[in-house]
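The values are calculated or read from the model by the stated rules, or taken from the named source; none is laboratory data. These numbers come from a predicted model, not from an experiment. Cβ sites come from the backbone with ideal geometry, for glycine too, and all protein chains shown count toward neighbours.
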Amino acid sequence: MEPEIFINFKHYNNAIGYNSEKLLSEFGTINNQKGLYYCIAATDLRLQKTFPSLKIFSQHVDSNSYGAFTGSISIESLKDIGIHGSLLNHSERRIQSSVIEETVKKSKALDFEIVLCVENLDEVKKYSILEPSYIAYEPPELIGGNVSVSTSKPEIIEQASKLCSGKTKFLVGAGVKTRKDIDISMDLGASGVLIASGIIRNAKPINMLFSLTDNR
Ligand code: G3P
């Protein structure tokens, strides 16, 4: 089975604005886009219209609808520009559990995909009952480093993937750098990975993505 790969552009300077467009254009040269998702900055989400064949996700979404909510990113406003999913509760953008519950519930009613990020096994247990589209397990201490979660915490990947119900797919992230990291995670029950620096901070992001996707 092909892995699902969520590429988080974060707020890296080489992945914002014009650079984001350039990266998406390069990533779009991969013919088989099945299972590839691009999580880009809010200010660049309109690029979904420029690249209609790419699956672009937001990096964050709020629970409110339209109205007097300055600075918010509603599911409604994302859907309006063709975005059908978002990360939620990323380690670098943590939110209250009551808001997580509200947002996941709303996402289902609006047919919007949520990749709910969690930091440990307790959070996998706590949130898997909400049945978001995905749960992504990312130990914060490994984020941005060179030790992958599949090397450092294989037993947690295995336990967590069992906790996710059939309706929720399980992803792992932090320190993912090689195809081997992805294959180990999948052997342990994950559907794929969430990756940032391994691709975005590589000198040749497109070559890195090719190597992770078996040059498909
Ligand atoms: O969202 C992905 C992430 O936090 C992992 O970052 O740089 O370790 O791949 P990185």
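Does F69 satisfy the criteria of being of a type in the set (F, W, Y), at pLDDT 95 or above and either more than 16 Å from the ligand (Cβ to nearest atom) or part of a loop (DSSP other than H, G, I, E, B) (or both)? Walk me through how you get there before you give the answer.
Numbers: of a type in the set (F, W, Y): yes; at pLDDT 95 or above: yes; either more than 16 Å from the ligand (Cβ to nearest atom) or part of a loop (DSSP other than H, G, I, E, B) (or both): yes.
Judged against the criteria, F69 is a match.
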With the first residue restricted to segment 5-34 and required to be at positive phi, and the second required to be at pLDDT 95 or above and of a type in the set (G, A, S), Cβ contacts under 6 Å at 6 or more apart or on different chains are K10/A196
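Could you list, in sequence order, all residues of segment 72-86 that are assigned to a helix (DSSP H, G or I) and either small (G, A, S) or farther than 29 Å from S53 by Cβ (or both)? Please lay out each step first, then the result.
Applying the first criterion (assigned to a helix (DSSP H, G or I)) to segment 72-86 yields 75-80.
Hit for segment 72-86 is S77, nothing else.
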Qualifying position, being at pLDDT 95 or above, surrounded by 17 or more Cβ atoms within 10 Å (Cβ to Cβ) and either more than 27 Å from G28 (Cα to Cα) or within 14 Å of the ligand (Cβ to nearest atom) (or both), among V99, V193: V193
Look at segment 102-126 and say how many of its residues are part of a loop (DSSP other than H, G, I, E, B) and either touching a helix residue (DSSP H, G or I) at 6+ places or on another chain (Cβ under 7 Å) or within 16 Å of the ligand (Cβ to nearest atom) (or both). 4
